[in-house]
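Coordinate-derived values only; no laboratory data. Just so it is clear, the model here is predicted, and its values are computed rather than measured. Here the Cβ positions follow ideal geometry from the backbone for every residue, glycine too, while neighbour counts run over all protein chains shown.
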Amino acid sequence: LLLSLWSKLLGQQMICQNSVHQYSVDGTENHFEKYNYEWKIIESDFKGSIIQKQNKVTVDWKDSDKGDYTLLVTKSSSCGTINQELSIKLMDKINLKLEPIYYLCPDYKSMNISAPSGFDSYKWTNLNGQIISTNQDVNITEEGKYYVQVTSGSCVTRQEIDVLLVKFPTLIVN
């Protein structure tokens, strides 16, 4: 995100809890003046961390509560100081509620697994990273580890599931 418009307040960015984002401002300097930059989140309930490097900053939102935050950058030189703010809405992180283990019966050739509805996109992959579905549902034909990644706005989360083949005991009759 480029915060190069120093004269007005920029729009709002919507991001998720526990995410890490990078921001920057135009770092163009003239030959006569050196600029200094200071970055901070104004709200006191911010629980993350800020790593700043002149005109760039990395914000790790960690466990900050959902709500509205303001990222303030102050650009200063011997000629004066200019402040720029970016409004940030921190949304709930995505919680997938899939069972960690599914059982594939040997008499069936496949099984369907559905992720919860309401997400913008879905991506199911196998252990090798091959995409096997981009729908809410996936058809599984063999045991193994699988992953589902869902997005909602700019929020992304991924969950691992295991599919195990059910093995029935062998009965011996004498």
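Quick notes on this structure:
- Segment 106-174, dipole about Cα centre (Lys/Arg Cβ +1, Asp/Glu Cβ -1), debye to the nearest 20: 60
- Working from label points 7 Å from Cα in the Cα-to-Cβ sense, the Tyr147 to Gln12 distance is 3.2 nm.
- Checking every one of the chymotrypsin sites (Phe, Trp or Tyr not before Pro) in segment 90-174 against DSSP loop status and a limit of 10 other Cβ atoms within 10 Å picks out Tyr108.
- Modelled label positions at Leu171 and Thr58, each set 7 Å beyond Cα in the direction of Cβ, lie 6.1 nm from each other.
- Loop-located trypsin sites (Lys or Arg not before Pro) across segment 90-174 with a Cβ neighbour count of 12 or fewer within 10 Å are Lys97, Lys109, Lys167, with loop assigned by DSSP.
- Cα-based equivalent ellipsoid, segment 54-174: semi-axes from gyration tensor eigenvalues, Å: 49, 13, 13
- Range in the chain, longest, excluding exposed GluC sites (Glu not before Pro) [loop by DSSP; at most 13 other beta-carbon atoms within 10 Å]: 34-141
- Selected from Met14, Gln54, Ser78, residue furthest toward positive end of dipole (segment 11-91; charges at beta carbon): Gln54
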